[in-house]
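Asker: Provided herewith is a single structure, encoded as structure tokens, for subsequent inquiry.
The values are calculated or read from the model by the stated rules, or taken from the named source; none is laboratory data. The structure presented is a predicted model; accordingly, all values stated were derived computationally and were not measured. Methodologically, a virtual Cβ is constructed for each residue, glycine included, from the backbone with ideal geometry; neighbour enumeration extends over all protein chains shown.
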Amino acid sequence: MSTELAADVIVIGAGLSGLLAAAGLQSAGARVLVLDKGRGVGGRLATRRADAGVFDHGAQFFTARDPQFRLRVQAWQAAGTVKAWATGFTLADGSFKRDGETRFCGVTGMSSIAKHLAQGLDVRVNTKVVRVETEGRGWLVTIESGECFSSRALLLTPPVPQSLELLTTGDFPLPERVRGELGKIEYAPCLAVLAQLSGSSLIPEPGGLWFDGEPVSWMADNQCKGVSAAAGAAVTIHAGPQFSRAHWETPECAVTAALLAVAAPWLGSAPVQTQLHRWRYSLPLRTYPERCLVVREPAPLVFAGDAFGGSRVEGAALSGLAAGAALLEIPGLIA
Ligand SMILES: Cc1cc2nc3c(=O)[nH]c(=O)nc-3n(C[C@H](O)[C@H](O)[C@H](O)COP(=O)(O)OP(=O)(O)OC[C@H]3O[C@@H](n4cnc5c(N)ncnc54)[C@H](O)[C@@H]3O)c2cc1C
């Protein structure tokens, strides 16, 4: 198989952190290649288009508290990619909790943000990286097909356990202290049921239900949210972390039936089609104290993603921006 001198930086992961880092690097003049194993871009900013409905089944909304991130969000709003969705949602007891903080979402689904960011970048999807190793003072990255790409620096944005596993495929001497710190970062799993209903749901405007508990932690009506144009409601049901962990191996039909039974008071119409998605890594249970982690020797390596500095969509965005800036400080990065 051939080796291409692909880029100044190879970014593994076309989630929000990887795409924002890649965009920043490219606009500063770096050659960037983004590789992702998924069918499309976005990672956990995920929107599934089923036969009838459209479902946001990963991240549901995001905040923009940081001034730097708020400016980005304003630009996405101006581009028609993002909209302000809500300042609160209904709770399990039927009361409405408004805390005044704006939650944003993608106009046509959360993945539309990633699609917007990926424009103009060299992003290869359906491309699973299986090996990363150093080559001189740079990197050699091998994908499932056996093809190799080389770069001066590597940015890893998958969930931390996946990044660490990838590093074990090669020869990189990750300092023990760093490996120990990163090894402590675990994520909550999340089982997600996607239910297409025959008619409307009973989830009140603006289309979200905050349960914050077990066995269901969240429900959303993607029709009410403005994401699904199908005739019936397209409902996302997220199980809480305890239920998700306990039922990780339970067959799909049993998990779906159990969660639909809990959700029943809010469904209002019969489910005509369901799917189950198993998120092994949904939210980090602890985070690394800095927005990215840079290892300079023997070849430049940066870790980023929502486990760095702050969790969730906003944390992932800030981590990606920080990682891009940190890479640009590495002498000789840009050819
Ligand atoms: C069910 C669920 C609900 C959530 N709800 C919210 C919410 O309401 N609000 C909020 O702010 N956040 C929420 N989040 C969290 C939010 O989605 C994440 O914090 C954020 O999207 C993480 O972005 P990231 O770039 O760090 O990682 P990711 O989006 O996970 O991107 C990493 C990418 O790396 C790729 N990858 C991994 N291994 C390889 C490999 N070997 N080769 C190639 N590619 C690889 C993956 O395919 C993925 O695309 C939720 C997440 C889930 C799953």
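Asker: Of the residues that make up the stretch 17-24, is at least one surrounded by fewer than 22 Cβ atoms within 10 Å (Cβ to Cβ) and within 9 Å of the ligand (Cβ to nearest atom)?
Answerer: Checking the stretch 17-24: not a single residue is surrounded by fewer than 22 Cβ atoms within 10 Å (Cβ to Cβ) and within 9 Å of the ligand (Cβ to nearest atom).
Asker: Only one of these is among the basic types (Lys, Arg) and within 15 Å of the ligand (Cβ to nearest atom): 31, 39, 49. Name it.
Answerer: Of 31, 39, 49, the one residue that is among the basic types (Lys, Arg) and within 15 Å of the ligand (Cβ to nearest atom) is 39.
Asker: I've got another one for you. Is it true that some residue in the stretch 209-216 is touching a Cys at 6+ places or on another chain (Cβ under 7 Å), assigned by TED's automatic domain parsing to the domain that holds residue 57 and either within 14 Å of the ligand (Cβ to nearest atom) or within 30 Å of residue 106 (Cα to Cα) (or both)?
Answerer: Within the stretch 209-216, none of the residues are touching a Cys at 6+ places or on another chain (Cβ under 7 Å), assigned by TED's automatic domain parsing to the domain that holds residue 57 and either within 14 Å of the ligand (Cβ to nearest atom) or within 30 Å of residue 106 (Cα to Cα) (or both).
Asker: Hey, any hits in the stretch 96-113 for a residue that's β-branched (Val, Ile, Thr) and in a helix (DSSP H, G or I)?
Answerer: Scanning the stretch 96-113, I find at least one residue that is β-branched (Val, Ile, Thr) and in a helix (DSSP H, G or I), so the answer is yes.
Asker: Quick one: residue 132 ticks every box in (1) over 18 Å from residue 7 (Cβ atoms); (2) in contact (Cβ under 8 Å) with a residue 60 or more places away in the chain bar one, so which box is it?
Answerer: (1)
Asker: Please specify each residue of the stretch 206-228 satisfying the condition of being modelled with pLDDT of 95 or more, farther than 13 Å from residue 266 by Cβ and of a type outside the set (S, T, N, Q).
Answerer: 206, 214, 215, 225, 226, 227, listed by residue number.
Asker: Something else: Got at least one residue in the stretch 53-60 being in the same structural domain as residue 162 (by TED's automatic domain parsing) and among the hydrophobic types (A, V, I, L, M, F, W, C)?
Answerer: no
Asker: How many residues are closer than 30 Å to residue 138 by Cα and buried (at least 18 other Cβ atoms within 10 Å of the Cβ) when one looks only at the stretch 272-293?
Answerer: Counting residues in the stretch 272-293 that are closer than 30 Å to residue 138 by Cα and buried (at least 18 other Cβ atoms within 10 Å of the Cβ) gives 7.
Asker: From 152, 177, 124, grab the single residue that is within 11 Å of the ligand (Cβ to nearest atom) and more than 22 Å from residue 315 (Cβ to Cβ).
Answerer: Just a single option satisfies the conditions, and that option is 124.
Asker: Considering 127, 142, 134, 90, which residue is closer than 30 Å to residue 203 by Cβ and either out of contact with any Ser or Thr (no Cβ under 6 Å at 6 or more places or on another chain) or outside any strand (DSSP E or B) (or both)?
Answerer: Criteria check complete, one pass: 90.
Asker: In this structure, is residue 125 of a type in the set (A, V, I, L, M, F, W, C), closer than 29 Å to residue 218 by Cβ and modelled with pLDDT of 95 or more?
Answerer: yes
Asker: Please return the ranges of helices (runs of 4 or more DSSP H) entirely within the stretch 224-335 where 1 or more residues are more than 23 Å from residue 81 (Cβ to Cβ) and within 15 Å of the ligand (Cβ to nearest atom).
Answerer: Hits in the stretch 224-335: 241-246, 252-267.
Asker: Quick one: is residue 66 under 16 Å from the mean Cα position of the chain (by Cα) and within 16 Å of the ligand (Cβ to nearest atom)?
Answerer: No.
Asker: Might you check whether a residue that is buried (at least 23 other Cβ atoms within 10 Å of the Cβ) and more than 20 Å from the chain's Cα centre (by Cα) occurs anywhere in the stretch 161-182?
Answerer: no
Asker: So which residues in the stretch 25-47 are surrounded by fewer than 21 Cβ atoms within 10 Å (Cβ to Cβ) and not hydrophobic (A, V, I, L, M, F, W, C)?
Answerer: 26, 27, 29, 31, 37, 38, 39, 40
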